[in-house]
1. Which ones in region 236-253 are in contact (Cβ under 8 Å) with a residue 40 or more places away in the chain and not hydrophobic (A, V, I, L, M, F, W, C)?
2. Condition first: surrounded by 20 or more Cβ atoms within 10 Å (Cβ to Cβ) and of a type in the set (A, V, I, L, M, F, W, C). Now tell me which residues in region 64-94 satisfy that.
3. Of all residues being surrounded by 21 or more Cβ atoms within 10 Å (Cβ to Cβ) and aliphatic (A, V, I, L, M) in region 440-459, which is farthest from Tyr426 (Cα to Cα)? Just the residue, please.
4. Report whether or not Thr369 is assigned to a strand (DSSP E or B), β-branched (Val, Ile, Thr) and either modelled with pLDDT of 85 or more or touching a Gly at 6+ places or on another chain (Cβ under 9 Å) (or both).
5. For the list (1) among the acidic types (Asp, Glu); (2) assigned to a loop (DSSP other than H, G, I, E, B); (3) at pLDDT 80 or above, I need the number of the one condition that Asp273 fails.
6. Report yes if some residue within region 254-266 is surrounded by fewer than 19 Cβ atoms within 10 Å (Cβ to Cβ), touching a residue at least 40 places away in the same chain (Cβ under 8 Å) and closer than 25 Å to Arg441 by Cβ; otherwise report no.
7. Return yes when Ala124 is out of contact with any Leu (no Cβ under 8 Å at 6 or more places or on another chain) and crowded, with 24+ Cβ neighbours inside 10 Å and no when it is not.
Amino acid sequence: MLPALRLLLVTLGVLLISSSAAQAAAKTLAVPAEGQVAVTFASGVKRVKVQSAPAGVTVAGGVKSGKLAVAVVRPRGAANGKVVLQLTGKVKGFKTVAAALDGGKAPSCSGLDKLLAKRLKGTADAKGLAGVLAAKLCGKPAPANAAAILTQLGLGAAPTPPAPSGPSAGPASGGRLQPPAPHSTPTPAPPAGKACGNGADDDNDGQTDLEDPGCADGNDTSEDSEVTVTAACSTNSGVGMGDDPTWLGAGINDCGPFTKVRIDVAPGIVGCDIVTGGPKWTCTAGIGTGPAIDTADVNLKLTGAVNCARPATIVLYRPSGEVAELRGPVARCGAGGAPACANGKDDDGDGMIDDHFADGATDPDPGCTSSTDTSEDSELPALSGCTISIGIWDEQAKLAGAMTQGCGAIQGFWFRGPSTVLDCAYKLGAAAGETCQKVGRTGGTMFAATPLDLRVAVELGQAVQCEPMTLALIRADNSVIAARGTLDGC
């Protein structure tokens, strides 16, 4: 981080000192044994944030009416270590159930399953696990699919290895291994007729055998194990064409967490790049991989002009192992013309143009959810009680930023500076400052939904003149609040 930005974070830290911040403290939790979950309870807590956790460990939970419940999930193979929480409030009454999957007693069971379903850090799907934990800690019968949930997440007792099928020791050999038979039996070929290896489209979805994401391998007996996406994902995601029929754009929004995406369109994909607004991903021939995310924009270079008669498929691979699939026509296919959020025009007349990920978007429109969005006007003004301040915080006019207060639960933001962004940092409440991603003239990132106020600062490549600056807040319900400002006197 550049020295000027570090100085700004120190300044923000001073501005944020208050009675609630003075009561903030760190709490260290031990990671449980492999395959186990530890659940910690406390009272008097106002807010909780995960400061750090070992690789592979997921932390879930939150605060309601001053009561804290946090689950530390350690799948088999995940690293050992400590989880550090940042807590605000007059915290007291810590209690930890170190092996919650074996049972225990929760101080309060009201709403515990919903509280533990909120993932704070990591990639494991906490929603299904929350019901199992609440049942174990509250003396209730476990859900019918509890065993399957634990197996998917790598929790519970390790599976028993199969008995050896080769030579064995016995009394006749005095405990020594018998020599192998003089000949071995070859592994038989998969039987004919397996749904995922028979050359037929068994589930009538237009995909055959290993082309079908419902197939795990050639021995799979069913092609239909993938699940459909939610209505919000279907509405806000898809593949679209711009002016060039050999290039497509895909937007993935409101689809839940995924660690891999596969996009299939005809005649085929020769190259791609993916922008997440968060962690860096790699993308090759329509297949992208990286840390768990729930939002992405993908640019696709085709082997030729897109075949409009074939639907496009977006396949999402969840951290839990679930495979979700979205299929539909390529938007604007054959009609020409880029979508409103990538056409270089101010379609809604508000002075802002295109999505901040779109090429050449120097003054992006917060009404765009992706570069494939067909409307620029979905943003909302600041709600009642929500205050957003935008300004310059140094004498050289090279540090621009914004502050929010009372804007409700948010899960991300982007801030448009008036020139190229060299560095970006943000703070949530009284927590430590963190870096954010840079895309052209914007800086931003996504995080777990939080009601904490935001402070964001960007260092600019040149001094601010009278160019406008825009802050877009992505709320927990996926709506967007936007505010715009310029220097005083402009």
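The values are calculated or read from the model by the stated rules, or taken from the named source; none is laboratory data. Remember, it's a predicted structure, so these values are computed and weren't measured experimentally. Every residue, glycine as well, gets a Cβ built from its backbone with ideal geometry; the counts of neighbours run over all protein chains shown.
1. We begin by selecting, within region 236-253, every residue in contact (Cβ under 8 Å) with a residue 40 or more places away in the chain; these are 236-243, 245-253.
Scanning region 236-253 gives Asn236, Ser237, Gly238, Gly240, Gly242, Asp243, Pro245, Thr246, Gly249, Gly251, Asn253.
2. Leu68, Ala69, Val70, Ala71, Val72, Val73, Ala78, Val83, Leu85, Leu87, Val91
3. Going through the qualifying residues, I end up with Val458.
4. no
5. (2)
6. no
7. On the way: out of contact with any Leu (no Cβ under 8 Å at 6 or more places or on another chain): no; crowded, with 24+ Cβ neighbours inside 10 Å: yes.
When the stated conditions are applied, Ala124 does not pass them.
Yes or no, residue by residue, for (1) hydrophobic (A, V, I, L, M, F, W, C); (2) within 21 Å of the chain's Cα centre (by Cα); (3) modelled with pLDDT of 85 or more:
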| residue | (1), (2), (3) |
| --- | --- |
| Asp244 | no, no, no |
| Gly278 | no, yes, no |
| Thr289 | no, yes, yes |
| Asp294 | no, yes, yes |
| Asn299 | no, yes, yes |
